[in-house]
Amino acid sequence: MLSRLIYASTVTTPLDPTAINFLLSQARLRNGLRGISGLLVFDSKYFLQAMEGSQRELSSLYSLLVNDPRHRDLMLLKFGSIESRLFPSWNMAFAPADAAHRAVFGRRMAGLHFDPYTLHGGSAEALLIDFMTVGADLSEALAQD
């Protein structure tokens, strides 16, 4: 059964661009082997991530993420069956939640700061779709790194 899982979390220690690129390269490799696709949105404080694949693989991966020391306070925003993938060709696309993309997350969040904990399942999914639509070129380029 094909499923989508969306969660938010808080970074435990600062991640510089090198650390983010390493995290993304690891995720892309593992996700490719597991048949998982998705999108990671990150600012200097928070992660918002959507992952798509089999329910079993997503459950297994989420249990690993809960114990990952790079982040804390994981909040499951949505987990359920889907008919088709939103991110079929991205093992793990990336979009920064930075000032350049404020217009994207500003449509779904009050204020000027990215805070995925203010979202519920539907609004988190809509925000990820917005990032995918607006930042498709960026995400595809980064997904090839």
(message) In whole percent, and with a 1.4 Å probe on the protein chains, what portion of the accessible area of the chain is carbon and sulfur?
(response) 56 percent
(request) Starting at the first residue of the range 89-97, write each ³J(HN,Hα) from the Karplus equation 6.51 cos²θ - 1.76 cosθ + 1.60 with θ = phi - 60°, in whole Hz, x for Gly and Pro. (result) 9, 10, 4, 6, 6, 9, 9, x, 8
(request) Starting from the residue with the highest accessible area, list Phe87, Phe22 in decreasing order, probe 1.4 Å. (result) Phe22, Phe87
(request) Would you mind calculating the relative contact order of the chain from Cα pairs under 8 angstrom and at least 6 residues apart, reporting the percent as a whole number? (result) 33 percent
(message) If the elastic network links every pair of Cα atoms under 10 Å, which of Asp16, Asp130, Asp73 fluctuates the most in the Gaussian network model of the chain?
(response) Asp16
(request) May I ask you to compute the full-extension gain from His120 to Thr18, defined as 0.36 nm times their residue separation minus their alpha-carbon distance, rounded to one decimal in nm? (result) 33.7 nm
(message) Can you tell me the length gained on complete extension of the stretch Ser25 to Glu83, counting 0.36 nm per residue apart and subtracting the Cα distance?
(response) 18.1 nm
(request) Before rounding to the nearest 500, sum -39500 (n - 2.57) across all DSSP H runs of length at least 4 in the chain and divide by the residue total; then give [θ] at 222 nm in deg cm²/dmol. (result) -12000 deg cm²/dmol
(message) Just to be sure I understand the model, the point goes 7 Å from the Cα along the line to the Cβ. What's the resulting Ala99 to Leu33 distance in nm?
(response) 4.1 nm
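The values are calculated or read from the model by the stated rules, or taken from the named source; none is laboratory data. All values reported here derive from a predicted model rather than from experimental measurement. Virtual Cβ from ideal backbone geometry, glycine too; neighbours counted across all protein chains shown. Quick note on the areas: whole protein, heavy atoms, side chains included, nothing else; ligands and nucleic acids left out. Shrake-Rupley method; radii C 1.70, N 1.55, O 1.52, S 1.80 Å.
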